[in-house]
1. Out of the range B:76-90, which residues are over 17 Å from the mean Cα position of the chain (by Cα), in contact (Cβ under 8 Å) with a residue 40 or more places away in the chain and under 27 Å from residue B:192 (Cβ atoms)?
2. Which of the residues that make up the range B:25-63 are surrounded by 21 or more Cβ atoms within 10 Å (Cβ to Cβ) and within 12 Å of chain A (Cβ to nearest Cβ)?
3. Any residue in the range A:146-158 that is within 24 Å of residue A:29 (Cα to Cα), part of a helix (DSSP H, G or I) and within 14 Å of another protein chain (Cβ to nearest Cβ)?
4. Can you work out which of the residues in the range B:64-85 that are within 11 Å of chain A (Cβ to nearest Cβ) and in a loop (DSSP other than H, G, I, E, B) is surrounded by the most Cβ atoms within 10 Å (Cβ to Cβ)?
5. Within the range B:97-131, work out how many residues are touching a helix residue (DSSP H, G or I) at 6+ places or on another chain (Cβ under 8 Å) and away from chain A (no Cβ under 13 Å).
6. How about the range B:169-184: which of its residues are surrounded by 15 or more Cβ atoms within 10 Å (Cβ to Cβ) and either under 13 Å from the mean Cα position of the chain (by Cα) or closer than 26 Å to residue B:39 by Cβ (or both)?
7. Inspect all residues belonging to the range B:86-96 and state whether any of them is in contact with a helix residue (DSSP H, G or I) (Cβ under 9 Å, 6 or more places away or on another chain), in a helix (DSSP H, G or I), within 27 Å of residue B:26 (Cα to Cα) and more than 7 Å from every other protein chain (Cβ to nearest Cβ).
8. For the condition farther than 26 Å from residue A:182 by Cβ, at pLDDT below 85 and within 14 Å of chain A (Cβ to nearest Cβ), what is the one hit in B:17, B:2?
């Protein structure tokens, strides 16, 4: 295993893939922070599942495996899914969570049907589309890795430039609109960036689990800090760590899909954060509870005794 | 500046075909505290949001100092309802107040020392300077309301819209807020406040708008806040309506 690890590290192809996963995790963590704070975690998941039929249709129409075309297909499918969700909530009494559930499963169902059809067709085996379900980072071409890295960097740069706008839109969109900020545009942009993060991540992490790379690092980062800037950076670092760990383990162990391993790595980070983070962590909360209880008992001991006596007398 | 601070004509708003505001028209004089009153569902918040362009209007026109709303955004300040945001957002009091400066900063530019200084001054004005670095979920309801107020002050506006700033705050905060409103008024600014507590209307406001889906009455408090007008705004539901209107101001 160690020999495998060293071999992978020295392989230039693998170095690129690792760098790509790192950037992907970084970008997903950063954009995911805003998705999480805007309470759209489930929307990220719906968009990821909706991407599958888009990718399949793009492949069926063009007959070639091109990440650029796949991205176009996924973005169109993602837009259709968001339209579907808002149409359902607007024209019926169905609430957003139910609408998300409906749209997510319908799109995913269509995607699986199309995927099966592609695999049974002539050039299905070369497409490698089956890897899109759970991701296989090691199977990526070098050009895909470049694309993934470049897009992730672009996402991070946009988030850095529009940090103050994204912050205000996430915290108080009503106030932002009153101020004259282009809230609708910024919200659409954030949504588009979420779709893009999901789509570039699909090949490495897979349709089913890519949303976890978006949300879990952000949730974990929230435990450590009360400052948005630091939270976004931490979420990026956690995402990058998960991405690299997932790729490394899945490549060294016999053909394990990358997605599940990446998600497990992110979830491990989340558990550590939830338990050990200062202030918000469970351990810190428990200690605080113990401390305040012993303090209360010290000062209020006499009063408690007094009260229990009166209660006893009342029950006699 | 020329014209009324706010002039609304034939404003009609509907939520999914159900009309909430029907052809509301009024003008607001400059340098006054104006109370927007009415029963639940009368469209008070809707009026504010429609004027601010937060929700689309079916019909009607809103002019601020005789120009369309879009051109006047920089002279408008807004205090939304406290419940409208998630207070567990990762940010502190000073940071929220600095958001009031974003409109003046423009795209891409980050708030710097100058914005920080203005925000500190505004926090001090609402008596919250000691809480600048406090995470916002660690503030009490009254303190959160003051942070929102400080943010509106940081906008340095001419015309303010406040959506129920007195809801759920204690007597000290209510006093602090009303003092601040008077200060704004003395600087020639105009403040529109959605208000619920009828017993304080005569004490707080120079001018009232009585709303009940449509505009029932608008004008100086003395002439407009009458038992007859209140009856047609609230219906016969509140037996003490007459008392509110006849109690001389300053007794509370």
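1. Hits for the range B:76-90 are B:87, B:89.
2. B:48, B:49, B:50, B:51, B:52
3. yes
4. B:80
5. 12
6. B:169, B:173, B:174, B:177, B:178, B:180, B:181, B:184, listed by residue number.
7. No.
8. Criteria check complete, one pass: B:17.
The values are calculated or read from the model by the stated rules, or taken from the named source; none is laboratory data. Because the structure is predicted, anything quoted here is derived from the model rather than measured. Backbone-built Cβ (ideal geometry, glycine too); neighbour counts: all protein chains shown.
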